[in-house]
Amino acid sequence: MNERYELNKNLAQMLKGGVIMDVTTPEQAVIAEKAGAVAVMALERVPADIRAHGGVARMSDPKIIKAIKEAVSIPVMAKVRIGHFVEAQVLEALKIDYIDESEVLTPADESYHINKWQFKVPFVCGARNLGEALRRIGEGASMIRTKGEAGTGNVVEAVRHMRNINAEIKKLTTLSEEELMAAAKELQAPYELVKYVAENGKLPVVNFAAGGIATPADAALMMQLGADGVFVGSGIFKSENPEKRAEAIVKATTYYDKPEIIAEVSEGLGEAMNSIDIRDLSEKDLYASRGW
Amino acid sequence: MRVGVLAIQGSVKEHIDKLKRLDGIIPVETKDKETLKNIDALILPGGESTAIGKMLNDFELKDAIIDLYKSGVPIWGTCAGMILMAKHIVNDDKVHLGIMDIKVRRNAYGSQLDSFTAKLSMPEVSKEKVEAVFIRAPYIEDVGENVKVLSIYDGKIVAAREGNLFATSFHPELTDDLSFYKYFLGLH
């Protein structure tokens, strides 16, 4: 199990510095791959459409997932509902490369996330803060992403979550060993993982930014804030010119520290996706508060 | 000695951290033509070859790396890096740098569920068996006459050398052992 977990963390390491794009058809997957995506997330609907559509959002039809796997050579990820371990079993049977246990879908269990140690296939999970990230890692997640607020085209929540996680990591590194158990209690996180973070000044797994990234500058912002890479959901295929925007976001992610390149690729991209002020969303429409 | 690690995407930091452990080595992250000119060796890390290959083209780094190869600068590709160097890719119509006379197969072992670790025998690199991590790895199906096969695992070529080019289908940047770095940089 331990060797498998290491291999799963290792795959996430290979995705660093890259962009993972939501796609709903094989054609979109090919566009994403050509634009330089390091992986695609196979979905029936992107988060912006899930918001608009309402009702229960579930794992995608295996037929779509298989068609997308067939269409590209880069890793293919897919989402399952929080706590829905049978959807995860199905994706494992489809030999998916990574499972996202995602708050974007309607949770299937309000108390428990999936026990990810029972799977060979790797999992990525969302987090708003360090405690949440370490709880997910404690359950076997081999990659973390910020939750942000998916489908809004508004990066503010992703920024908040990334800053939270980084500030809490920094704080742990200043504590003495006898303070760590109390810190673990406060973070509601496993002690061994708290100790790891305190000693190493980083999470034991890769941490991507996700939720609301819509422009090349958004992607570069998250990279400068310390993200290892970015997920872009609705931001690409709900925009006016997906090919161009996808490529621009990839370039801005690699050259996140070169403003002149970000400026160049940001030119003439057409309209970004429709966006939402988070304050206009009611409590039930906030995906980030799903899960614990 | 300044050793560049191509920093477009992938296991860049892992290589940098390994290089930092070697005396007399200055690791350099490189993603532009200027820094590429000023290095004594170059590592092409693991990652996604399609993504890295596209950026090599778009930012005109391809010719800069080919020039390094021609001037004899040692270049080492791990996993995706090996695919970037290959002259032939069996299951892809794109060739990236096309500098090493090897024929590679991408994702040759299957999906992430087929990723694995193995102990390899590689006498040129280490007397002991070395641990190797294969992540959605490629392997080499065939080599040109000037290519020396360095390791075979399960009937497939997983490491090779051709002049100043060195290719491994696995990731020495992910294991603790420094012997691959010492071999590549001639520090034995």
Response to the item:
Taking first residues from region A:252-272 that are more than 12 Å from chain B (Cβ to nearest Cβ) and second residues anywhere that are loosely packed, with under 12 Cβ neighbours inside 10 Å, the pairs with Cβ under 7 Å that are 6 or more apart or on different chains are A:GLY270/A:GLU240; A:GLU271/A:GLU240
Practice prompt. Scan region A:90-101 residue by residue and report those that are in a helix (DSSP H, G or I) and among the hydrophobic types (A, V, I, L, M, F, W, C).
Written response: A:VAL90, A:LEU91, A:ALA93
Worksheet item: Any idea which residue in region A:35-67 is surrounded by the most Cβ atoms within 10 Å (Cβ to Cβ), counting only those that are free of Cβ contacts under 8 Å to residues at least 40 places away in the same chain and of a type in the set (D, E, K, R)?
Response: A:GLU44
Fill in: Candidates A:LEU193, A:LEU203, A:LEU175, A:LEU180 - the one that is over 19 Å from the mean Cα position of the chain (by Cα), over 22 Å from A:VAL104 (Cα atoms) and not in a helix (DSSP H, G or I)
A:LEU175
Worksheet item: Which residues, counting only those in region B:22-48, are small (Gly, Ala, Ser) and touching a residue at least 24 places away in the same chain (Cβ under 8 Å)?
Response: B:ALA41, B:GLY46, B:GLY47
Discussion item. Need pairs with beta-carbon distance below 6 Å; first residue more than 14 Å from chain A (Cβ to nearest Cβ) and within region B:69-83, second part of a helix (DSSP H, G or I); sequence gap 6+ or separate chains.
Written reply: B:ILE75/B:TYR69; B:TRP76/B:PHE184
Worksheet item: Taking into account only those residues within region A:152-172 that are buried (at least 19 other Cβ atoms within 10 Å of the Cβ), of a type in the set (Val, Ile, Thr) and assigned to a helix (DSSP H, G or I), which is farthest from the chain's Cα centre (by Cα)?
Response: A:ILE169
Response to the item:
Requiring at least 2 residues that are within 12 Å of another protein chain (Cβ to nearest Cβ) and under 23 Å from B:MET55 (Cα atoms), the helices (runs of 4 or more DSSP H) wholly within region A:1-89 are A:2-15, A:26-35
Worksheet item: Do we have any residue at all in region A:138-155 that's out of contact with any strand residue (DSSP E or B) (no Cβ under 7 Å at 6 or more places or on another chain) and closer than 30 Å to B:GLY110 by Cβ?
Response: yes
Worksheet item: From the set of residues in region B:11-52 that are in contact with a Lys or Arg (Cβ under 6 Å, 6 or more places away or on another chain) and outside any strand (DSSP E or B), which is surrounded by the most Cβ atoms within 10 Å (Cβ to Cβ)?
Response: B:ILE39
Item to complete: Return yes when A:LEU221 is within 25 Å of B:PHE59 (Cβ to Cβ) and surrounded by fewer than 22 Cβ atoms within 10 Å (Cβ to Cβ) and no when it is not.
Response: yes
Item to complete: Filter region B:128-175 down to residues that are crowded, with 16+ Cβ neighbours inside 10 Å, more than 11 Å from the chain's Cα centre (by Cα) and in a loop (DSSP other than H, G, I, E, B), then give me how many there are.
Response: 7
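Each value in this text was obtained by applying a stated rule to the coordinates, not by laboratory testing. Not measured: the values here are computed from a predicted model. Heads up, the Cβs are rebuilt from the backbone with ideal geometry, glycines too, and the neighbour counts pull from every protein chain shown.
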